[in-house]
Structure formats: structure tokens, C-alpha cells
Amino acid sequence: MSEFSHWNEVGRPKMVDISQKNETKRSAVAQSTILLKKELYDAIQNAEIKKGDPLQVAQIAGIMAAKKTPDIIPMCHPIQLTGVDFHFEYKQIGDGYELMMQAEVTCKGNTGVEMEALTAVSAAALTFYDMCKAVDKSMVIKETYLLSKTGGKNGDYRAEK
């Protein structure tokens with residue numbers, strides 16, 4: 001009866017057994033973007049955010065979230081992560097700015113880290129919003145998606161965006 005990998009023989013959810021998968025070096029990069037007003041961009045550049053540096057706090061939140069992914073995504077395996085890093089870049093868009101956030105997660109293991117990268121960048125975007133909402137409640141967290149992944153039996157992936 002089980003046609004789906006995360007269902008057992010009686011159709012109930014299960015965590016897939018990955019013990020037979022090869023241990024390989026794996027990585028994943030996920031991206032999220034946030035639209036913000038010029039006033040907020042200027043406040044960040046002038047270190048005027050009362051809660052502190054929003055990028056620094058967002059990065060820490062993202063790292064913590066990557067490590068906690070199996071606690072919030074039911075079918076994710078606990079993974080011994082070997083690294084989590086972030087890249088941030090602002091780009092002027094009309095009268096405002098777009099902040100691009102990328103999270104890169106690595107491990108050596110039996111399963112990939114795509115969910116950890118997506119969770120990391122999502123938590124970072126939400127934390128950035130929380131840090132800055134006193135200045136700009138109109139921020140828009142835009143698309144969040146997997147940019148790339150390496151390792152595993154399915155091979156490498158790169159988004160076509």
C-alpha cells in the first residue's frame with residue numbers, strides 16, 4: 001500500500017530509514033529576500049536600530065534554526081551539521097531596498113541539508129523583520145527557495161532562477 005516514502009505499510013507517517021544511504025559531504029544554499037524602505041536601510045547603515053545590528057542577530061537566529069530543524073519539521077532527521085554561514089546583500093530597488101539573504105549549510109552524512117538551509121534563511125528573515133519592525137512594519141518577506149544542493153544519490157541541483 002505504501003507508495004510514498006514517508007508512509008508505512010498501513011498508510012501512516014514514518015521517518016525514512018537512511019541507514020543504508022552512503023555518507024557523503026553534502027551542502028545546500030537557500031535564499032530569501034526582504035523589501036524595505038529607504039528609511040530603514042539608512043537606520044541600519046547608521047547603526048540606529050535600538051535592538052542592535054539586525055543582520056548579526058538574524059545570522060545567529062538562522063544558525064540556531066538550522067540546528068533545530070528536526071524539532072520543527074516532523075520528518076527531518078537530526079543531522080550533525082559541519083557548518084552554517086550567511087551572506088547578505090542590499091540592492092536599491094526604486095525608492096527602497098531589497099535585502100538578499102543566503103544561508104549555506106554543510107554536513108557529512110546520510111541525508112541532505114536542504115531543509116536546514118531553508119529553515120535557517122526563513123528564521124533569519126523573520127528575525128530581521130522582528131529587529132526592524134519599529135522602523136518599518138511594511139517590510140515584505142518575499143520568496144524563499146533552494147538555490148543549490150550537492151551530494152547524495154540524486155546528485156547536485158541548481159535553481160534555474
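May I ask you to list the residues in region 42-82 that are among the β-branched types (Val, Ile, Thr) and surrounded by fewer than 16 Cβ atoms within 10 Å (Cβ to Cβ)? Answer for region 42-82, where residues must be among the β-branched types (Val, Ile, Thr) and surrounded by fewer than 16 Cβ atoms within 10 Å (Cβ to Cβ): Ile60, Ile72, Ile73, Thr82.
Is it the case that region 135-152 has a residue that's on the phi < 0 side of the Ramachandran plot and free of Cβ contacts under 8 Å to residues at least 40 places away in the same chain? The answer is yes, given that some residue of region 135-152 is on the phi < 0 side of the Ramachandran plot and free of Cβ contacts under 8 Å to residues at least 40 places away in the same chain.
When each of Thr150, Thr119 is tested for being of a type outside the set (Lys, Arg), out of contact with any Lys or Arg (no Cβ under 6 Å at 6 or more places or on another chain) and surrounded by 19 or more Cβ atoms within 10 Å (Cβ to Cβ), the lone residue that passes is Thr119. Per the listing Ala61, Ala159, the residue uniquely of a type in the set (A, V, I, L, M) and without any contact (Cβ under 8 Å) to a residue 40 or more places away in the chain is Ala159. In region 28-38, the qualifying residues are those that are within 19 Å of the chain's Cα centre (by Cα), buried (at least 20 other Cβ atoms within 10 Å of the Cβ) and of a type outside the set (Val, Ile, Thr), and the one that is farthest from Asn154 (Cα to Cα) is Ser32. Restricting attention to region 109-149, the residues that are at pLDDT 95 or above and part of a strand (DSSP E or B) total 10.
Residue by residue, here is whether (1) modelled with pLDDT of 95 or more; (2) among the basic types (Lys, Arg); (3) in contact with a helix residue (DSSP H, G or I) (Cβ under 6 Å, 6 or more places away or on another chain); (4) closer than 22 Å to His77 by Cβ holds:
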position: Pro13; (1), (2), (3), (4): no, no, no, yes
position: Ser19; (1), (2), (3), (4): no, no, no, yes
position: Asn22; (1), (2), (3), (4): no, no, no, yes
position: Ala28; (1), (2), (3), (4): yes, no, yes, yes
position: Ser32; (1), (2), (3), (4): yes, no, yes, no
position: Leu35; (1), (2), (3), (4): yes, no, no, no
position: Lys38; (1), (2), (3), (4): yes, yes, no, no
position: Tyr41; (1), (2), (3), (4): yes, no, no, no
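Take Pro13 and tell me if it is surrounded by 19 or more Cβ atoms within 10 Å (Cβ to Cβ) and in contact with a Phe, Trp or Tyr (Cβ under 7 Å, 6 or more places away or on another chain). No. State yes or no: is Thr69 hydroxyl-bearing (Ser, Thr, Tyr), at pLDDT 95 or above and out of contact with any Pro (no Cβ under 7 Å at 6 or more places or on another chain)? Criteria met by Thr69.
Yes or no, residue by residue, for (1) under 20 Å from Lys67 (Cα atoms); (2) touching a strand residue (DSSP E or B) at 6+ places or on another chain (Cβ under 7 Å); (3) surrounded by 17 or more Cβ atoms within 10 Å (Cβ to Cβ):
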{"site": "Leu99", "(1), (2), (3)": "no, yes, yes"}
{"site": "Lys108", "(1), (2), (3)": "yes, yes, no"}
{"site": "Gly112", "(1), (2), (3)": "yes, yes, yes"}
{"site": "Lys137", "(1), (2), (3)": "no, no, no"}
{"site": "Lys142", "(1), (2), (3)": "no, yes, no"}
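Name every residue in region 79-93 that is over 15 Å from Gly62 (Cα atoms) and either at pLDDT 95 or above or of a type in the set (S, T, N, Q) (or both), in order of residue number. Within region 79-93, Gln80, Glu89, Tyr90, Lys91, Gln92, Ile93 qualify. Taken as a whole, region 77-100 holds no residue that is in a helix (DSSP H, G or I) and aliphatic (A, V, I, L, M).
The values are calculated or read from the model by the stated rules, or taken from the named source; none is laboratory data. Values in this document were obtained by computation on a predicted structure and should not be read as measured data. Don't worry about glycine lacking a Cβ; one is built from the backbone with ideal geometry, like all the others, and counts go over all protein chains shown.
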